[in-house]
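Data block below; observations after.
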């Protein structure tokens, strides 16, 4: 940590520490060369000897230094001193967007969209310069005291060229895209995903996915459907809801093609928030096939063959213990076997997440096929190992060359399953008919009923609520159905038990129908409900949010509880309830009041108006004065609330009283010349008069021409000028009045 008063580069004086992160400290400093305040980010001493960290730090500076935009924290300088690395940035006085959301609980749709537009404009400038941020979150967005929004900390950004493979898709897991969570490729569309998550948090005050570990959150980004912000805020405009949904599509091809398109829709939403204009297209409509370069293929093969999982290296999932590391003291043969076991264990755990009900995705299927094709491990010799390595290279080459749409692959799989079921049923029917023909036991009516039942392709949904995942899988498979699972804490069921299904048991549906199941991720432990009676609505919401509850509001009139405060709650304070459950809070809407018709006060004197207001049971509010060309001085010009409406008794009424016609003021600025027989050097007196002869100003001079200047002349648009002077003959003379026109002030 630097001492206050330290100089860097012989020009930057350290003034105070203003922030600290994982890799660097940020100081406020003064640049004595340009006489301005700046922020300086200094790499922490424990990382200065680490070449990896230093390279990351320099990359951050180089990436950000090329960006100059009003919505980006600009970088001024980069330096190194005694193995201490730093760069100098624009100093932005303000607070982070995260702190701003916490202070306001949540933002209005208009304010959130306005902030999102400024953030997007800064990110668009970065993208146009080939820079991907990769760590967009409210903590990296600063709102200045002037209300300007700036994106900061391009800490893991780097130039994004056409052949770049992301090797460090880091960033905060709550805002990371699914492809970053997997550790795969990330590009400009990853930033669009993070902008969508940030907009969601601004609108609702919550992140859409949360969990106890980074792995849990990352898996939710990969697997779970994006919740609608209307779950938290029912009145979110449809356009904002759809913009968030499009930004946060799991498939990058379904997101906005670029930030410019996002900005266009955000601006449209600002003017027409309730218009449903956002279109979320299927991937096929967005563009053609994306090719992977030969360089990328080679890098992925090298990572795979060396034991590094290409899809999960450096992802939040890998950070929890699945990343494979090299051990120098382990022989290569043992090391390879250890890595194979770790990799197999990892994929087995991954499969549990990918397919709870036995529906294997393409990667799982390929892995199984690959396992079957592998030679026995114990009896392998060098020749076999060489052949195996060739087959492995061919496998990865095929895997990279085949650009298969996962959705199409899944659809084909389902169609094949359905086709197999239909063929089986037809075979059973045919066999049944054959046996029936020989036995003579089947009637014609029975055969007709069976044929109709088969042709309909129907099946009965089993009730799987309360079953384990394995039991539910068996029951649904037998019924010819598939399922999609979402994990959620339960107040009733233990972990891995089915809590609910979206189609009730004993319902007849088409074979192959997909059920949505909610699976318990564990039983909720009861949490003590805070007592919020007597608090304001805002205070109650904060208290309940802090304990993991949601507030469900009801309004009720009360003669004893102040308007806006909590009358009662259910469950009661100090009792226990499931975390995440709703607490119904009854809020006072104030005393029950009698209503009156608002009287017309215009044209009445101030005293008359006050009497009428009090007679009607209302109260006198603000009394203001205003000039008027139409209303007599001292009488009411206007009132608030307006006349004729219905208001509650006790309502405050504001009135405006006329000051009479507006007073006009004029100014005079005119140049006068010397009389023909003026004795030079003698004193002359210039008098400015109104048309009525009233003196408006008197001026003395010994030389001409002379400019007569006078301002603040009230309600007189013109006048005359006379000059009294000593003539060449030695006598005092006065010129005839000369007319002048004044200029109205304020025009």
Fill in: Every pair of residues 6+ apart whose Cβ atoms lie under 6 Å, when the first sits in the range 696-707 and is in the same structural domain as residue 679 (by TED's automatic domain parsing) and under 19 Å from residue 677 (Cα atoms) while the second is modelled with pLDDT under 95 and crowded, with 16+ Cβ neighbours inside 10 Å
701/684; 704/674; 706/672
Practice prompt. Tell me, please, whether a residue that is in contact with a strand residue (DSSP E or B) (Cβ under 9 Å, 6 or more places away or on another chain), outside the structural domain of residue 489 (by TED's automatic domain parsing) and free of Cβ contacts under 8 Å to residues at least 40 places away in the same chain can be found in the range 237-248.
Written response: no
Worksheet item: Exactly one of (1) buried (at least 17 other Cβ atoms within 10 Å of the Cβ); (2) outside the structural domain of residue 471 (by TED's automatic domain parsing); (3) in contact with a strand residue (DSSP E or B) (Cβ under 6 Å, 6 or more places away or on another chain); (4) under 30 Å from residue 501 (Cα atoms) is unmet by residue 577. Its number?
Response: (3)
Response to the item:
Taking first residues from the range 31-46 that are on the phi < 0 side of the Ramachandran plot and part of a helix (DSSP H, G or I) and second residues anywhere that are at pLDDT 90 or above and surrounded by 12 or more Cβ atoms within 10 Å (Cβ to Cβ), the pairs with Cβ under 6 Å that are 6 or more apart or on different chains are none
Discussion item. Can you go through 652, 669, 638 and tell me which one is within 60 Å of the chain's Cα centre (by Cα), assigned by TED's automatic domain parsing to the domain that holds residue 733 and at pLDDT 90 or above?
Written reply: 669
Worksheet item: Does residue 630 satisfy being assigned by TED's automatic domain parsing to the domain that holds residue 538 and surrounded by fewer than 15 Cβ atoms within 10 Å (Cβ to Cβ)?
Response: no
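Table: residues versus (1) within 28 Å of residue 129 (Cβ to Cβ); (2) in contact with a helix residue (DSSP H, G or I) (Cβ under 6 Å, 6 or more places away or on another chain); (3) surrounded by fewer than 17 Cβ atoms within 10 Å (Cβ to Cβ).
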| site | (1), (2), (3) |
| --- | --- |
| 11 | yes, no, yes |
| 17 | no, no, yes |
| 42 | yes, no, no |
| 55 | yes, no, yes |
| 68 | yes, no, yes |
| 80 | yes, no, yes |
Worksheet item: Pairs, please: C-beta under 7 Å, at least 6 apart or cross-chain, first residue assigned by TED's automatic domain parsing to the domain that holds residue 111 and within 16 Å of residue 116 (Cβ to Cβ) and in the range 266-288, second modelled with pLDDT of 90 or more and assigned to a loop (DSSP other than H, G, I, E, B)?
Response: 268/277; 269/237; 273/237
Worksheet item: Say we look at the range 501-528 and pick out the residues that are in contact with a helix residue (DSSP H, G or I) (Cβ under 8 Å, 6 or more places away or on another chain) and either free of Cβ contacts under 8 Å to residues at least 24 places away in the same chain or not in a strand (DSSP E or B) (or both); which of these is farthest from residue 543 (Cα to Cα)?
Response: 511
Discussion item. If residue 5 satisfies all but one of (1) exposed (fewer than 13 other Cβ atoms within 10 Å of the Cβ); (2) out of contact with any strand residue (DSSP E or B) (no Cβ under 7 Å at 6 or more places or on another chain); (3) assigned to a loop (DSSP other than H, G, I, E, B), what's the number of the condition it fails?
Written reply: (2)
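Name the residue, out of 538, 582, that is closer than 18 Å to residue 206 by Cβ, touching a residue at least 24 places away in the same chain (Cβ under 8 Å) and out of contact with any strand residue (DSSP E or B) (no Cβ under 7 Å at 6 or more places or on another chain).
None of the other options fit; the residue is 538.
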Item to complete: Working only within the range 95-119, note down all residues that are under 14 Å from the mean Cα position of the chain (by Cα) and assigned to a strand (DSSP E or B).
Response: 96
Worksheet item: Taking the condition outside the structural domain of residue 25 (by TED's automatic domain parsing) and over 19 Å from residue 240 (Cα atoms), does residue 149 pass?
Response: yes
Practice prompt. Tell me which of these residue 62 doesn't satisfy, since it passes every other one: (1) closer than 27 Å to residue 244 by Cα; (2) not assigned by TED's automatic domain parsing to the domain that holds residue 230.
Written response: (1)
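Looking at the range 12-30, which of its residues are part of a strand (DSSP E or B) and more than 11 Å from residue 91 (Cβ to Cβ)?
Those that are part of a strand (DSSP E or B) and more than 11 Å from residue 91 (Cβ to Cβ): 12, 13, 14, 16, 17, 19, 20, 24, 25.
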Discussion item. Among the residues in the range 120-127, are any in contact with a strand residue (DSSP E or B) (Cβ under 6 Å, 6 or more places away or on another chain), in a strand (DSSP E or B) and at pLDDT 85 or above?
Written reply: no
Discussion item. Against the condition surrounded by fewer than 16 Cβ atoms within 10 Å (Cβ to Cβ), within 27 Å of residue 534 (Cβ to Cβ) and either touching a strand residue (DSSP E or B) at 6+ places or on another chain (Cβ under 9 Å) or in the same structural domain as residue 637 (by TED's automatic domain parsing) (or both), how does residue 622 come out, does it pass?
Written reply: no
Fill in: the range 708-747 - residue that is more than 22 Å from residue 673 (Cβ to Cβ) and without any contact (Cβ under 8 Å) to a residue 60 or more places away in the chain and, of those, nearest to the chain's Cα centre (by Cα)
747
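The values are calculated or read from the model by the stated rules, or taken from the named source; none is laboratory data. Predicted model only: the values in this text are computed from it and were never measured. Reconstructed Cβ throughout: ideal geometry from the backbone, glycine too, with neighbour counts over all protein chains shown.
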